[in-house]
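The values are calculated or read from the model by the stated rules, or taken from the named source; none is laboratory data. None of these values were measured; they are calculated from a predicted model. Cβ sites come from the backbone with ideal geometry, for glycine too, and all protein chains shown count toward neighbours.
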Amino acid sequence: MAQRTLFRLIAVAGAASLVLAGCGTDSDDTAAENGDLAEVELAETDCDPPQAEPSGNPSTDPLRFGGLLPQTGDLAFLGPPEIAATELAVTEINEAGGVLGNPVSINQGDSGDTTTNIANQTVDRLLADGAQVIVGAASSGVSLNVIDKIVDAGVVMFSPANTSDQFVCYPDRGMYFRTAPTDVLQSQALVQMMAGDGLQRVSILARNDPYGAGLARNTENFLQEAGIAADQIQLIIYDPNAQSFNAEIDSIAQFDPDGIAVIGFDESKRIITRMAEVGVGPQDKLVYGTDGNMGNALGEGLAAGLLEGMKGTAPQTSLSSDFEERVREAGQAAGYNLADLQYSAEAYDAVVISALAAEAAGSTNGVDIAAAINDVTRDGDECTSFAECRDILAEGGEINYNGVTGDLEFRPAGEPGIGSYGVLEFGPDNQLLEVEDYIVVSVD
C-alpha cells in the first residue's frame, strides 16, 4: 500500500543566501575562477492574478483542442504519456456525448524545446485550425515563449507540466492554467526528502532556465528553513547547451557535500556520468533529481547500475489500475509503448476540466471557458468523471471536479493549491522502482 505524508508549506524567509552560479563552458575552469557569478531571483508570487471575464458572446461551435506537447527535444520523454492521456480524455468525453451536444477533437503538435522555433510554428497552426484550448507546453521555458501569442488570441493555454513560479503573477489575462503544482511546492517536498536523509551540506546543480533556476532557488531557501546554514549550501546554475559540465562538477567535488540535487532535463545523463567519473555520483553520494529527469528515459544508454540509489520527486498521485490500463491502451493506439506515465493524469485532467468549464459556461468561446475553469474545481458537488460532473451541471448544480490527480482546488492563479509528489528511486537496472510513498504538500 502506498504511503502518503502531508506537509504544510511554510513561509520562505527573505534572507540572502550563498549563491555560486555560472554557465557551463567548453573549458575546465570552475565557475568561480571564471568570475561568472549571477544572482538567481525568485519570481514574484504575491499578487492578485488576472481573471478572465465572460465574453458576453457565447459560442456553441464544437470544442477543438490543440496539443502543444514534446515529441522532440530535451523533454521528449514526457510527450508520449501526455499525448496518450489527452487522446483518452477526448475519446471518453465523446463517448459521454461530447460538449454542448457536439463531439470534441484534438489536433496534436510538437512543442520542441527552447533551442528551436517549433513551438511557435505549432501554435500558429493550432490557432489557424480554430483551437479554443491548447494543452501544453510541458517545458516552462517553451510556454513562456508562446504564452502571449496564445492568450492574445483569446485561447486558453492549459499546461499539464509547467511548474515555474513565473506563471503565478504573469499578465496572462486569466487565460493560462496548469494542473501541475508550482515549484514552491516541489522544492518543499524535495527538501523534506533531503532532511529525512540527514543532509547537512548540499550542492544544487540546476539548468539555467525558468524551471531550473526557480526550483533551485526555492530549494535553497527551504534548506535554510530546515536549519542548514547558508555557507553549507552550494548553488550552481549551468548552461544546458554547454559542451561540457566538467567545471561545475569539479566544483561540487571540491565542495564535498553530503548530497547533490541535479535539476535538469536530458542533459542530466552527461552530468551524472561525469559525476560518477570524479567520485560524486549516486554510488558515492546521495544524489537527488526532480521531475525533469526522474523518468526511466534517464537510464537509457547509461552504464549498468550507474543510477542505482538516486532518488527524487515528481508530481504524482497514486493512479488507479483502471486509469493506467486505459491510458496505456490509448498510448498503443497512438503508436506509443508507454514506459512511464509521468504527467498523464495532469494532461487528462486538463482536457476534462476545460470541457467541463465549457459546459458550465454554456460556451466554447476561449474566454468563456477560462472564466469558468477555476470554479469547476472547487466549492460544488464532488464528482470524478466528465459524465458525472456534466450531469450535475445539466441539473443546474455546481461542481467540484476531483479528477485523476485528486483534489485540485484551483487557486486564483489557475493552479492547484495541493501538490502530491511521488518519492522515486532508481534500481540496479537504472529503472525506477515502484513508488511506495507520496509527499503531499499544500499551501496554507
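Observations on the model:
- Residues satisfying the stated conditions in the stretch 277-288, i.e. touching a strand residue (DSSP E or B) at 6+ places or on another chain (Cβ under 6 Å) and either in a loop (DSSP other than H, G, I, E, B) or within 17 Å of residue 266 (Cβ to Cβ) (or both): 285, 287
- When restricted to residues that are at pLDDT below 95 and either surrounded by 14 or more Cβ atoms within 10 Å (Cβ to Cβ) or among the charged types (D, E, K, R) (or both), the stretch 114-132 contains 1.
- Within the stretch 392-434, tally of residues that are surrounded by 16 or more Cβ atoms within 10 Å (Cβ to Cβ) and among the acidic types (Asp, Glu): 4
- From the options 136, 141, residue that is more than 28 Å from residue 361 (Cβ to Cβ) and in contact (Cβ under 8 Å) with a residue 60 or more places away in the chain: 141
- Contact annotation: residue pairs with Cβ atoms under 7 Å, 6 or more positions apart or on different chains, pairing a residue in the stretch 384-398 that is in contact (Cβ under 8 Å) with a residue 12 or more places away in the chain with a partner that is hydroxyl-bearing (Ser, Thr, Tyr) and surrounded by 14 or more Cβ atoms within 10 Å (Cβ to Cβ), are 389/401.
- Here the condition is being aliphatic (A, V, I, L, M), in contact (Cβ under 8 Å) with a residue 60 or more places away in the chain and part of a helix (DSSP H, G or I); of 223, 205, 190, 199, it holds for 190 alone.
- Selection of strands (runs of 3 or more DSSP E) fully inside the stretch 394-444 by the criterion of at least 1 residues being modelled with pLDDT of 95 or more, under 30 Å from residue 175 (Cβ atoms) and aromatic (Phe, Trp, Tyr) returns 399-401.
- Residues satisfying the stated conditions in the stretch 362-385, i.e. assigned to a helix (DSSP H, G or I) and either surrounded by 24 or more Cβ atoms within 10 Å (Cβ to Cβ) or out of contact with any helix residue (DSSP H, G or I) (no Cβ under 8 Å at 6 or more places or on another chain) (or both): 366, 367, 368, 369, 370, 373, 374, 376
- In the set 252, 228, only one residue is assigned to a loop (DSSP other than H, G, I, E, B), crowded, with 17+ Cβ neighbours inside 10 Å and in the same structural domain as residue 276 (by TED's automatic domain parsing); that residue is 228.
- So residue 337, is it in a loop (DSSP other than H, G, I, E, B) and crowded, with 20+ Cβ neighbours inside 10 Å: no
- Unique residue being within 26 Å of residue 325 (Cα to Cα), in contact (Cβ under 8 Å) with a residue 40 or more places away in the chain and not hydrophobic (A, V, I, L, M, F, W, C) when the list is 363, 442, 354: 354
- Checking the stretch 139-153 against the condition returns no match, with no residue being assigned to a strand (DSSP E or B) and of a type outside the set (Phe, Trp, Tyr).
- Exclusive hit being outside any loop (DSSP other than H, G, I, E, B), out of contact with any Asp or Glu (no Cβ under 9 Å at 6 or more places or on another chain) and surrounded by 20 or more Cβ atoms within 10 Å (Cβ to Cβ), set 349, 291: 349
- Of the residues in the stretch 319-341, at least one is touching a residue at least 40 places away in the same chain (Cβ under 8 Å), small (Gly, Ala, Ser) and within 30 Å of residue 154 (Cβ to Cβ).
- Remark: pairs (first residue in the stretch 70-89, not assigned by TED's automatic domain parsing to the domain that holds residue 122 and of a type in the set (Phe, Trp, Tyr); second residue surrounded by fewer than 24 Cβ atoms within 10 Å (Cβ to Cβ) and in a helix (DSSP H, G or I); Cβ separation under 9 Å; 6+ apart in sequence or on different chains) are absent.
- When the stretch 101-125 is filtered for residues that are of a type in the set (A, V, I, L, M) and under 30 Å from residue 391 (Cα atoms), the ones remaining, listed by number, are 104, 106.
- The set of residues from the stretch 161-193 being among the acidic types (Asp, Glu) and within 25 Å of residue 83 (Cβ to Cβ) comprises 172, 183.
- Screening residue 329 against (1) out of contact with any Asp or Glu (no Cβ under 9 Å at 6 or more places or on another chain); (2) surrounded by 24 or more Cβ atoms within 10 Å (Cβ to Cβ); (3) in a helix (DSSP H, G or I) leaves a single unmet condition, (2).
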